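**Q** Structure provided below as structure tokens; questions to follow.
The values are calculated or read from the model by the stated rules, or taken from the named source; none is laboratory data. This is a predicted model, so every value here is computed, not measured. For neighbour counting, all protein chains shown are included, and Cβ atoms are generated from backbone atoms with ideal geometry for every residue, glycine included. The accessibility values were calculated without ligands, DNA or RNA, using every heavy atom of the protein model including side chains. Shrake-Rupley method; radii C 1.70, N 1.55, O 1.52, S 1.80 Å.
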Amino acid sequence: MSEKLYPLGTVVYLKEGTEKLMIIGRGVVYQDQETNSEMFVDYMGCLYPSGINPNNTIFFNQENIDRVVFKGFVDEEEERFIEIYQNWEKSLTIPKKKID
């Protein structure tokens, strides 16, 4: 399970990354084109400040984050989401994508 899950809107740099990314999705299950199978990643992001481009979505995991520039909004709904997310993540049978 992820030790910490950043909220939506969090802006980060990935390790060896030169551009900021904004987290726009968490607990993403997607069809990996390399393996042609379903994979799971912690986050889906877009380039900041340009925003969402469907052809340039970036998938990454907690361990790929180097630095948090801005932490997104947290309230009681976010806290409830984390509780539900942790239970959902424990029940997953889809493999987690390893990203170097």
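**Q** What number, rounded to the nearest 500 deg cm²/dmol, is the helix-based mean residue ellipticity at 222 nm of the chain, given -39500 (n - 2.57) per DSSP H run of at least four residues and division by all its residues?
**A** -5500 deg cm²/dmol
**Q** Between VAL68 and ASP32, what length in nm is gained on full extension when 0.36 nm per residue of separation is reduced by their alpha carbon distance?
**A** Working: separation 36, 0.36 × 36 = 12.96 nm, distance 2.63 nm.
That works out to 10.3 nm of additional length.
**Q** First compute the accessible area of the chain with a 1.4 Å probe, then give the percent of it belonging to carbon and sulfur atoms. Please list the in-between numbers first.
**A** Values: 3220 of 6640 Å².
On the chain, the fraction of accessible area on carbon and sulfur atoms equals 48 percent.
**Q** Zone of TYR85 (label point 7 Å along Cα→Cβ, backbone N under 11 Å): which residues in segment 29-47?
**A** 42-44
**Q** A follow-up question, please. Counting heavy atoms of the protein chains only and a 1.4 Å probe, report the per residue accessible area for segment 58-100 as a whole number of Å². Before the final figure, lay out the partial values.
**A** Details: 3230 Å² over 43 residues.
On a per-residue basis, 75 Å².
**Q** Oh, and also: Considering only DSSP beta bridges with both partners in the chain, what is the antiparallel share in %, to the nearest 5?
**A** Numbers: 19 of 20 bridges.
Counting DSSP beta bridges with both partners in the chain, the antiparallel share is about 95 percent.
**Q** LYS71: which lysines have alpha carbons under 18 Å from its alpha carbon, excluding same-chain residues fewer than 8 sequence positions away?
**A** Qualifying lysines at Cα under 18 Å: LYS4, LYS15, LYS20.
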